[in-house]
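Everything below concerns the one structure shown next.
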Amino acid sequence: MLSKISETRKSFDEDLSKVSNLKSLEELRIKYLSRKGIVPQLFEGFQDVSREEKKNVGQALNELKIFTQNQYDLFKEKLENSLKSSEEPDIDISLPGRKIELGSKHLITQTLDEIKEVFKGLGFSVYEGPELESDYNNFGALNFPDDHPARDMQDTFFINKNFLLRTHTSPVQIRLMQQKKPPIRALMPGKVFRNEAISAKSYCLFHQIEGLVVDTDITFAELKGTLVGFIKQFFGKDVVYRFRASFFPFTEPSAEMDIWWQPKGKAGRWLEILGCGMVDPNVLINVGIDPEKYIGYAFGMGIERPAMRKYGIDDIRILFDSDIRFLRQF
Ligand code: PHE
């Protein structure tokens, strides 16, 4: 009897080591532990055991019963746990994915980037200046006479007598030339502010990009060539343009550049996109550059208008509204 018990234990161990799923575990249970199974059968044989042996055999039988039952319980628990973790994960993988919203650049930033790229290709470096500017940098150093109408309170947001929100990016020319001696090939993007009535066409705030080149042998033809190259890259090779003589206190001679704008189904017209000219010698003197030795050209253009033309937007205010339905389109 004792040897039968130890054989049973051995074969149980062996069978258990082969169990790999709940089905074979159940077969093991039926074979050893069910009512007609091997272990209860052994118990039934207990009555035939001789008196002297009963104590030892009884103990061995009980040990076998407890051992097999425990092993079976442990294995079952282990198997069920591993099934739970592989087949029924805590996350419901059938749920639709949650979209991660990636922000995108504002149309104006995209346009600025695009313009910067074109000019970087032409050897320009990018500089920035402050939006709060001195009256001197914004006007005086740029050769604006004291009684120039642009200085009027109606156009300029004055902070006090000497400081204002810059009305153009041209004061960055002054800052740059005060710090850096020629040769200069610079692009200066930024926000500018004008105290204008807000409408579909104008806003109190917009962006400009200023260009400045100062060297010993600069020509007006080079200025024109640079700007024509730029608008062809920005608007396409077929863009129709013209230069018109104009006036700015800080350039002489000065010009404005127009492009022909023909919206679908509407009458075409000339559209002013930038101002430009050869840096006035007075400006060079104001920043301590010798106008006998150096010559320069400058240009300044708004960003909103070209961007609006390019993307077919007809109200400037929408560019400052932060309306996500509009912004998502770009
Ligand atoms: N600063 C001028 C403006 O805001 C544009 C300009 C820049 C013109 C540089 C000539 C040269 O209108």
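A compact table of results
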{"quantity": "Cβ pairs under 6 Å, 6+ apart, first in segment 38-62 and over 11 Å from Leu2 (Cα atoms), second among the aromatic types (Phe, Trp, Tyr) and surrounded by 13 or more Cβ atoms within 10 Å (Cβ to Cβ)", "calculated": "Ile38/Tyr32; Val39/Tyr32"}
{"quantity": "Hits in segment 178-194 (condition: away from the ligand (no atom under 13 Å from the Cβ) and either open to solvent by less than 10 Å² (accessible area, probe 1.4 Å) or among the acidic types (Asp, Glu) (or both))", "calculated": "Ile184"}
{"quantity": "Subset of segment 40-68 [loosely packed, with under 12 Cβ neighbours inside 10 Å and not in a helix (DSSP H, G or I)]", "calculated": "Ser50"}
{"quantity": "Phe247 vs. criteria part of a strand (DSSP E or B) and either within 12 Å of the ligand (Cβ to nearest atom) or within 24 Å of Gly129 (Cβ to Cβ) (or both)", "calculated": "yes"}
{"quantity": "Residue check for Ala245: surrounded by 13 or more Cβ atoms within 10 Å (Cβ to Cβ) and within 26 Å of Asn138 (Cα to Cα)", "calculated": "no"}
{"quantity": "All positions within segment 173-217 that are farther than 20 Å from Asn137 by Cβ and either hydroxyl-bearing (Ser, Thr, Tyr) or at pLDDT 95 or above (or both)", "calculated": "Pro183, Arg185, Ser199, Ser202, Tyr203, Asp215, Thr216"}
{"quantity": "Residue check for Thr156: among the polar types (S, T, N, Q), within 13 Å of the ligand (Cβ to nearest atom), over 15 Å from His207 (Cβ atoms) and not in a helix (DSSP H, G or I)", "calculated": "yes"}
{"quantity": "Candidate set: segment 27-67, residues that are of a type in the set (D, E, K, R) and more than 20 Å from Asp15 (Cα to Cα); chosen: the one nearest to the chain's Cα centre (by Cα)", "calculated": "Glu44"}
{"quantity": "Criterion violated by Gln233 - all others in (1) within 23 Å of Pro281 (Cβ to Cβ); (2) surrounded by 14 or more Cβ atoms within 10 Å (Cβ to Cβ) satisfied", "calculated": "(1)"}
{"quantity": "Any chance Lys293 is among the basic types (Lys, Arg) and at pLDDT 95 or above", "calculated": "yes"}
{"quantity": "Set Glu128, Glu101, Glu117: member being in a helix (DSSP H, G or I) and open to solvent by 50 Å² or more (accessible area, probe 1.4 Å)", "calculated": "Glu117"}
{"quantity": "Matching entry among Thr109, Thr156 (being free of Cβ contacts under 8 Å to residues at least 40 places away in the same chain and within 25 Å of the chain's Cα centre (by Cα))", "calculated": "Thr109"}
{"quantity": "Filter result for Gly225 (open to solvent by 20 Å² or more (accessible area, probe 1.4 Å), under 25 Å from Pro189 (Cβ atoms) and not hydrophobic (A, V, I, L, M, F, W, C))", "calculated": "yes"}
{"quantity": "Pair list, Cβ under 6 Å, 6 or more apart: segment 232-250 residue among the small types (Gly, Ala, Ser), other residue away from the ligand (no atom under 16 Å from the Cβ)", "calculated": "none"}
{"quantity": "Test: residue in segment 259-273 that is near the ligand (Cβ under 10 Å from one of its atoms), free of Cβ contacts under 8 Å to residues at least 60 places away in the same chain, assigned by TED's automatic domain parsing to the domain that holds Thr226 and at positive phi", "calculated": "no"}
{"quantity": "Residue count, segment 279-301 (criterion: crowded, with 20+ Cβ neighbours inside 10 Å and either of a type outside the set (Phe, Trp, Tyr) or not assigned by TED's automatic domain parsing to the domain that holds Val126 (or both))", "calculated": "10"}
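Table: residues versus (1) polar (S, T, N, Q); (2) part of a strand (DSSP E or B).
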position	(1), (2)
Ser199	yes, no
Tyr203	no, no
Gln208	yes, yes
Gly211	no, yes
Ile218	no, no
Leu227	no, no
Lys237	no, no
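The values are calculated or read from the model by the stated rules, or taken from the named source; none is laboratory data. This structure is a prediction, so every number in the text was calculated from the model and none was measured. Neighbour counts are summed over all protein chains in view; Cβ atoms, including those assigned to glycine, are modelled from backbone coordinates with ideal geometry. Keep in mind that these areas ignore ligands, DNA and RNA; they rest on the heavy atoms of the full protein, side chains included. Shrake-Rupley method; radii C 1.70, N 1.55, O 1.52, S 1.80 Å.
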